[in-house]
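The values are calculated or read from the model by the stated rules, or taken from the named source; none is laboratory data. What you see is a predicted model, and the numbers here were worked out from it, not measured in a lab. Glycine also receives a Cβ, built like all others from the backbone with ideal geometry; neighbour counts cover every protein chain displayed. Ligands, DNA and RNA are stripped out before the accessible areas are found, and what is left, the full protein with its side chains, is counted by its heavy atoms. Shrake-Rupley method; radii C 1.70, N 1.55, O 1.52, S 1.80 Å.
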Amino acid sequence: MALLFEALFCLIVAAVSASLTSDYYQQLISQETAKALTYELPKKNEEFRTGFESDEINDRKRNYGEYDVVIVGAGTAGCIVATRLSEIAKISILLIEAGGEENDFNQIPGLWAYHQFSELNWGYYTIPQKYSCLGMNNSQCNMVRAKVIGGGSSINGVMYVRGNYKDYDNWAALGNRGWSYKNVLPYFKKSENSQVDGDKGYHGIGGFWNIEYSLPLSPLYDNFVNGSLETNLTFVDYNGRSQIGVTRLQINTKRGRRKSFGTAFLNNARKRSNLKVVTKALVTKIIIDRRYKRALGVEFVTNNKKFRVRARKQVIVSAGAVNTPQLLLLSGIGPRNHLRDLKIPLVADLPVGKNLIDHVILTLIVRSNYTAPNTTLQQQVEQFLNGLGTLTTSTNVDGMSFFNTRNNSAEGPAIQFAMASPISTDASLFQRTQNYNNTIAEMYSKLIQPQNDMVWYVVLLHEKSRGRIQLQSNSPIDFPNIDLNLLEKQEDVDVLSEGMEYVYRLLKTEAFKKLNAELLDVPLCDKNSKQFMECFIRNLGGPGNHPCGTAAMGPDPRKFVVDDKLRVHGVGNLRVVDASIFPLGISGNTNAPTAMVAEKGADIIKSELK
């Protein structure tokens, strides 16, 4: 009887809560989406300048004390590592995050694009590119990097993709012991509370991170699946036995709300007395004993003041594939010549910042005779509060496929392909997210009909081109120089061209003929030219915002930054745990692999601390 009463009470509370919050969410969405269209992204870390340039930290009041472990960055990896290490009651932990707390707005997955134009994003753009993003303003790619508790999991597209088993076997083949797919699969499963109907033995239940399908399915989902089957793909669980095929998208939400690592992991861990979290604090330097080559702690700025904190056992850098190399370089760990040019004393000559890997994404507009229902904001909010509708999923994507090409057959799938069904949206936001120049922006504004146009994403997975992260100066106030160098290798263009050819094949299937679907004719390149495809790709191809590899893992310090225990070569008590340690790229989105690295890294560290 008591359990029945409790269940009824919870239902009543949920119903009252939903009725009370409908108006609140409508007002919140109206305000935040309007702000996003005018928000100016920062160009430097100006909010920390006063503290960084303030008086020296010799004053005892500036001593932040001692902790056993200091973790830099409360993104996906940092939240997991802090949570897992705090399970050891005798270990004291300080977690430092440059951004702030999550909010109600970022819990709405369908509005993820708006989060790019808010204080939740660092505001990075690449340096002008030579081979890609040629249709963007100043040939600069928009580089979305989260600056908030939960990191990328708090503002991304909530797509749960592990990659291919060959990815991890290739990591192990480089000399990284314990990183084969067989070794890492248990760590994928450890985080999960999977609600999907997937292959047996490949999904975890009971973890903190919820995985489910979006509801309801788009009316065009069947067209996508049937069309893909006509192209000889098979239906698969892409996080199961076989990745290559067509599939239903698995997402990191719980009843339609974003399940970030801040909400899934850190919120509960913060109740423990041995974990302290500091937000809006920029770590400016790792303190290193130069004689014994070991990390002693970090310096950071918050509330317009400098602080120094000591780490008795470990400094763990989990700041992501851009900010991790930036911090290492500022601390004297990186290529000798680069540090010498910036007058930064050398601690360890390692290839920090090199091997920058990202996927290349082509965003295509496909028109059909299907018209999306014109739902009001009130209707969308009411659906969201019931765990349904377009606000519960990223860009209205239900279906995804992975396939190979003639030019890339040995590394798992070469192309990831996704379809977003038509949804009424602001065309100007679409242009902002892509950073299109005025010519292309005006062209799309005239052509796009949001309620009739699907967005198709063609993603190059195993690019051969490599970029790098370098410091702009020796000041942490300056953003780093990001050179993605996408599409430098002609082979990458050729494989992506085959991805485009697949799009034309799919449009010719009976499933899409029924919709009179056709690729929107963009008068950007001469369609009769042999160079049409390459022109199209180089102008409109941009980053997938899945950067990794900039502190790569491997046994040789001439080629790699960390070893297979995630220890920085040649520097004691210092580890890197995030996507920057990936030595090779991933066959899909990088958030789930980052979580796996953090789970495994936490276990490695716990075994030493117990």
For Met500, the lone unmet condition from (1) within 30 Å of Gly152 (Cα to Cα); (2) assigned to a loop (DSSP other than H, G, I, E, B) is (2)
Checked pairs for the stretch 207-233, first of a type in the set (A, V, I, L, M), second open to solvent by 60 Å² or more (accessible area, probe 1.4 Å), C-beta under 8 Å and 6 or more apart or across chains, list as Ile211/Gln195; Leu215/Leu388; Val225/Phe235; Leu229/Phe235; Leu233/Ile244
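From the residues in the stretch 166-182 that are outside any loop (DSSP other than H, G, I, E, B) and free of Cβ contacts under 8 Å to residues at least 40 places away in the same chain, which one is nearest to the chain's Cα centre (by Cα)?
Narrowing the stretch 166-182 to residues outside any loop (DSSP other than H, G, I, E, B): 166-173, 181-182.
Now narrow it down to the ones that are free of Cβ contacts under 8 Å to residues at least 40 places away in the same chain: 168-169, 172-173, 181-182.
Working: Tyr168: 19, Asp169: 22, Ala172: 23, Ala173: 26, Tyr181: 21, Lys182: 24 Å.
Result: Tyr168.
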Given (1) at pLDDT 95 or above; (2) in contact with a helix residue (DSSP H, G or I) (Cβ under 7 Å, 6 or more places away or on another chain); (3) over 21 Å from Ala321 (Cβ atoms); (4) part of a helix (DSSP H, G or I), Asn138 misses just (2)
Checked Leu28, Leu3 against criteria (part of a helix (DSSP H, G or I) and at pLDDT below 50); the one match is Leu3
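Return a yes/no flag: does the stretch 259-269 have any residue that is surrounded by fewer than 17 Cβ atoms within 10 Å (Cβ to Cβ) and either touching a His at 6+ places or on another chain (Cβ under 9 Å) or among the basic types (Lys, Arg) (or both).
Residues of the stretch 259-269 that are surrounded by fewer than 17 Cβ atoms within 10 Å (Cβ to Cβ), as a first pass: 268.
Those left that are additionally either touching a His at 6+ places or on another chain (Cβ under 9 Å) or among the basic types (Lys, Arg) (or both): none.
Taking every residue of the stretch 259-269 in turn, none turns out to be surrounded by fewer than 17 Cβ atoms within 10 Å (Cβ to Cβ) and either touching a His at 6+ places or on another chain (Cβ under 9 Å) or among the basic types (Lys, Arg) (or both).
Quick grid of which residues meet (1) among the small types (Gly, Ala, Ser); (2) open to solvent by less than 30 Å² (accessible area, probe 1.4 Å); (3) within 25 Å of Ile440 (Cα to Cα):
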| residue | (1), (2), (3) |
| --- | --- |
| Lys130 | no, no, yes |
| Asn138 | no, no, yes |
| Val144 | no, yes, yes |
| Ile155 | no, yes, no |
| Val161 | no, yes, no |
| Asp167 | no, yes, no |
| Arg177 | no, no, no |
| Pro186 | no, no, no |
| Glu192 | no, yes, no |
Over the stretch 285-335, the set of residues open to solvent by 20 Å² or more (accessible area, probe 1.4 Å), part of a strand (DSSP E or B) and of a type in the set (A, V, I, L, M) is Ile287, Ile288, Leu296
Pairs returned, first residue in the stretch 25-44 that is in contact (Cβ under 8 Å) with a residue 40 or more places away in the chain and more than 25 Å from Asn386 (Cα to Cα), second residue that is among the acidic types (Asp, Glu) and open to solvent by 20 Å² or more (accessible area, probe 1.4 Å), beta-carbon separation under 8 angstrom, 6 or more apart or interchain, are Leu37/Asp426; Lys44/Asp478
When every residue in the stretch 531-581 that is outside any loop (DSSP other than H, G, I, E, B), touching a residue at least 12 places away in the same chain (Cβ under 8 Å) and basic (Lys, Arg) is compared, the one surrounded by the fewest Cβ atoms within 10 Å (Cβ to Cβ) is Arg538
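Table: residues versus (1) of a type in the set (Val, Ile, Thr); (2) open to solvent by less than 90 Å² (accessible area, probe 1.4 Å); (3) part of a helix (DSSP H, G or I); (4) modelled with pLDDT of 95 or more.
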position	(1), (2), (3), (4)
Ser19	no, yes, yes, no
Ser22	no, yes, yes, no
Thr33	yes, yes, yes, no
Tyr39	no, yes, no, no
Ser54	no, yes, no, no
Tyr67	no, yes, no, yes
Ile88	yes, yes, no, yes
message = Tell me yes or no: at least one residue of the stretch 430-437 is in contact with a helix residue (DSSP H, G or I) (Cβ under 8 Å, 6 or more places away or on another chain), assigned to a loop (DSSP other than H, G, I, E, B) and either surrounded by fewer than 20 Cβ atoms within 10 Å (Cβ to Cβ) or among the charged types (D, E, K, R) (or both).
response = yes
Scanning the stretch 561-610 for residues that are touching a Lys or Arg at 6+ places or on another chain (Cβ under 6 Å) and of a type in the set (Asp, Glu), the one farthest from Ala74 (Cα to Cα) turns out to be Asp564
Glu599 meets each of (1) within 30 Å of Lys313 (Cβ to Cβ); (2) open to solvent by less than 20 Å² (accessible area, probe 1.4 Å); (3) assigned to a loop (DSSP other than H, G, I, E, B) with one exception, condition (3)
Practice item. Tell me, yes or no, whether the stretch 231-238 has at least one residue that is at positive phi and more than 26 Å from the chain's Cα centre (by Cα). Key: yes
